[in-house]
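S.K.: First the structure, then my questions, so here it is.
Each value in this text was obtained by applying a stated rule to the coordinates, not by laboratory testing. It should be emphasised that the depicted structure is a prediction, and the values quoted were computed from it without experimental measurement. Methodologically, a virtual Cβ is constructed for each residue, glycine included, from the backbone with ideal geometry; neighbour enumeration extends over all protein chains shown.
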Amino acid sequence: MKIKVYIERTNSTKTVELKNNYKVIDLLKELKIDHTVVLVARSDSLITEDAQLKDNDNIKILSVISGG
Amino acid sequence: MRYQKQELLSYIGNKQEFLQKKVVAIVGLGAIGSNTANLLARAGINLILIDRDIVELENLQRQTLYDEKDIGKPKSIQAKKKLKLINSEIKIEAFVEDLNYKNIDELINSDLILDCSDNMETRFLINDYSIKNDIPWIYAAVLGVNAMSMNIVPQKTPCFRCIFKESNAITENCDSVGVLNTITNLIATIQVNESLKILTNQEFNKSLVLFNIWNLSMQKFKINKNIHCEACSNLNFEYLDGKNTKQLIKLCGTNSFQIHGNPIDLENLYERLSKFSDAKINEYCVYSTSLTAFSDGRVLIRAENLNQAKSLYSRFIS
């Protein structure tokens, strides 16, 4: 399956080809992104690491912000 | 008379009197907190101010309650002085403390807690306290030109731990990326806006909001409760119980580390530090270019890395 990934930190978008049973956590491993420092959204909803990805998904990877 | 303009608004109207009975605790009086405190004081809301730090020159770019005369003095005390000049009718309590599991019960007994802190550990602690005591809180954070915020109202929204994970990773911070003073003002305004709704029992935002002020963009993301959440589902309050408390933490803003050790004799430390540096002492702390020490045992150390911070601590404190 092909999914479109927007990475907010680098302001970049890429299309990634993944196996059909891939979950969010697998995608983050593939992209070498630490899962503890990001939030992942599909369209306009946050999804968990266990969420199953689907063909043509639009995924956004947002960096957690902690400064005050 | 003082609140005439906001009483004219249908959103506030006759709820102004109700608002004036409310108490909001602000955790962190830095860039976000000094702006939220300013707006809430002007709106007539009683405040509890908690901050562990002193004012430094590099804070003045964005921390709007302070001026050059405040440098070297505790933020919460200086903030209270300024806010009292703005609105002498409200009650303000100020604490020069590091919010932790031992003192949280006595410090933030309020109707609403505003997170204006600079670290995730404090946010997980506030989250535990909020759920256990059924008190709403609002997360707000900034980095660069970006900011995030989320309202957490027990029983009505998912909690912070439903969404955010514990992390030991070293991430980008205001040291490495910097921060624009317009984004800190913006997110403080959003936080106060949501506070007014929550305090007056009106409909509030239930999404995570993300702003990029440079691009003038705002995104809202729906959030779902995690049925396995340690805090709001399992009611396992690890941060409130002190199980996940670190004695040494990296702070945002400058190359700062906080080490919490045994109580410190400030006079004695001042004598020792004066031999090596331009140390100064006041009723709250001893401070020099490399460290600020409080009598309760807290030491803020400016260092390039963790090891250098530990080494400075060993040399001057322990």
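S.K.: Between B:SER274 and B:TYR3, what length in nm is gained on full extension when 0.36 nm per residue of separation is reduced by their alpha carbon distance?
M.R.: 92.6 nm
S.K.: A follow-up question, please. For a Förster distance of 51 Å, can you work out the FRET efficiency between the beta-carbons of B:TYR11 and A:ILE25, rounded to the nearest 0.05?
M.R.: 0.75
S.K.: What FRET efficiency, computed as 1/(1 + (r/R0)^6) with R0 = 41 Å and r the Cβ-Cβ distance, is obtained for B:ASP296 and B:GLN155, rounded to the nearest 0.05?
M.R.: Efficiency at R0 = 41 Å is approximately 0.70.
S.K.: A follow-up question, please. For the pair A:THR10 and B:ASN236, how long in nm is the line joining their label points, each one 7 Å along Cα→Cβ?
M.R.: Taking the two extended label points, one gets 3.6 nm.
S.K.: Let me ask something else. To the nearest whole number, what is the average tally of beta carbon atoms from other chains within 10 Å of the beta carbons of peptide B:221-229?
M.R.: Per residue, the number of nearby Cβ atoms from other chains is 3 on average.
S.K.: Right, another one. Can you work out the PRE-style zone for A:SER45? Point 7 Å along Cα to Cβ, and I want the residues of the range A:1-38 with backbone N under 16 Å.
M.R.: A:24
S.K.: Any idea what the relative contact order of the range A:2-63 is, in percent, if you count C-alpha pairs under 8 Å spaced at least 6 apart?
M.R.: 45 percent
S.K.: Restricting attention to the alpha-carbon atoms of the range A:2-63, what are Rg (one decimal) and Dmax (integer), both in Å?
M.R.: When restricted to Cα atoms, the range A:2-63 yields Rg and Dmax of 10.2, 27 Å.
S.K.: How big is the Cα convex hull of the range B:212-277 in projection, averaged over all directions, in nm²?
M.R.: Average projection, Cα convex hull of the range B:212-277: 9.4 nm².
S.K.: If you don't mind, there's one more thing I want to ask. Just to be sure I understand the curve: with the Debye formula and one point per C-alpha of the range B:111-263, what is log10 I(q)/I(0) at q = 0.17 Å⁻¹?
M.R.: Relative scattering, expressed as log10 I(q)/I(0), comes to -1.08.
S.K.: For the range B:238-318, compute Rg over Rh where Rg is the Cα radius of gyration and Rh is the Kirkwood radius from the inverse mean 1/r over Cα pairs.
M.R.: 0.99
S.K.: Taking the Cα centre of chain B as origin, sum charge times position over the Cβ atoms of Lys and Arg (+1) and Asp and Glu (-1), and report the length of that vector in debye to the nearest 20.
M.R.: In total the dipole reaches around 620 debye.
S.K.: Still on this structure, please answer the following. Given the Cα-Cα distance of B:ILE86 and B:LYS243 and 0.36 nm per residue of separation, how much length would full extension add, in nm?
M.R.: 52.5 nm
S.K.: Can I ask one more? Could you work out the percent of alpha carbon pairs in the protein assembly as shown separated by over 30 Å, rounded to a whole number?
M.R.: When every Cα pair of the protein assembly as shown is considered, 42 percent fall beyond 30 Å.
S.K.: Report the Cα-based extents of the range B:19-143 along its three principal axes, largest first, to the nearest Å.
M.R.: Projected onto the principal axes, the Cα atoms of the range B:19-143 cover 40, 31, 25 Å.
S.K.: So what is the relative contact order of chain B, in percent, for Cα pairs below 8 Å that sit 6 or more residues apart?
M.R.: Here the relative contact order equals 14 percent.
S.K.: Using 20 Å bins from zero, what percent of all Cα-Cα pairs in chain B falls into each bin?
M.R.: Result, from short to long distances: 32, 59, 9, 0 percent.
S.K.: Let me ask something else about it. Taking 7 Å along the Cα-to-C-beta vector as the label spot, tell me the B:ASN109-B:ASN193 distance in nanometres, rounded to one decimal.
M.R.: With each label placed 7 Å out from Cα toward Cβ, I get 3.4 nm.
S.K.: How many times 2.2 N^0.38 Å is the alpha carbon radius of gyration of the range B:181-318?
M.R.: 1.48
S.K.: Can I ask one more? Points 7 angstrom from Cα along the Cβ direction at B:GLU283 and B:LYS69: gap in nanometres?
M.R.: Going by the 7 Å Cα→Cβ label model, 1.7 nm.
S.K.: Can you tell me the dipole magnitude for the range A:2-63 around its Cα centre, using point charges on the Cβ only (Lys, Arg +1; Asp, Glu -1), in Debye to the nearest 20?
M.R.: 160 debye
S.K.: Within 10 Å of each Cβ of B:156-166, how many other protein chain Cβ atoms are there on average?
M.R.: Partner Cβ neighbours, averaged per residue: 2.
S.K.: A further question on this structure: Which of the GluC sites (Glu not before Pro) found in the range B:156-235 are loop residues per DSSP with 10 or fewer other Cβ atoms within 10 Å of their Cβ?
M.R.: Sites meeting the loop and neighbour criteria: B:GLU203.
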